[in-house]
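To start, the structure itself, in structure tokens.
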Amino acid sequence: VQLQAYGGGLVQAGGSLTLSCAASGSIFSIGVMGWYRQAPGKQRDLVATIIRSGYTNYADSVKGRFTISRDNAKNTVYLQMKSLEHEDTAVYYCNCRRGFDEYWGQGTLVTVSS
């Protein structure tokens, strides 16, 4: 499975940005899809996940501001980010799981200027 993420960039605090990530290759039976982020000098942390049925899970720090969604027909996962804060600055990685295997995208940088 290959994951290609798009949509990172520079945005002012309070602004919005939407990330997308398309899966290709052996995409049959992809289960959980999600987003993680890694700020400079910090570990990679969960942002949000979504399963095929649409059930979602969010980190407390983004609840109410970020929305994850997926298009199963396009094997694409989205992360709509609103009310962005400087603390949201990080490299965002998309992730998916297929059976016992886990796959990561290349990361896309989101910079929020204060």
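The values are calculated or read from the model by the stated rules, or taken from the named source; none is laboratory data. The structure presented is a predicted model; accordingly, all values stated were derived computationally and were not measured. No Cβ is skipped: glycine too gets one built from the backbone with ideal geometry, and neighbour counts run over all protein chains shown. Side chains included, ligands, DNA and RNA excluded: accessible areas come from the protein's heavy atoms. Shrake-Rupley method; radii C 1.70, N 1.55, O 1.52, S 1.80 Å.
Observations on the model:
- Elements of the type strands (runs of 3 or more DSSP E) sitting completely within segment 1-58 and holding at least 2 residues that are among the basic types (Lys, Arg) and open to solvent by 50 Å² or more (accessible area, probe 1.4 Å): there are none.
- Considering (1) open to solvent by 60 Å² or more (accessible area, probe 1.4 Å); (2) touching a Phe, Trp or Tyr at 6+ places or on another chain (Cβ under 8 Å), the lone condition that Ser61 does not fulfil carries the number (2).
- Within segment 59-76, considering residues that are of a type in the set (A, V, I, L, M), modelled with pLDDT of 95 or more and not in a helix (DSSP H, G or I), the one farthest from Ala23 (Cα to Cα): Ala59
- Yes/no for Lys82 being surrounded by fewer than 15 Cβ atoms within 10 Å (Cβ to Cβ), touching a residue at least 24 places away in the same chain (Cβ under 8 Å) and over 16 Å from Leu3 (Cβ atoms): yes
- Top-ranked residue of segment 104-114 - restricted to ones that are assigned to a strand (DSSP E or B) and under 13 Å from the mean Cα position of the chain (by Cα), ranked as surrounded by the fewest Cβ atoms within 10 Å (Cβ to Cβ): Leu109
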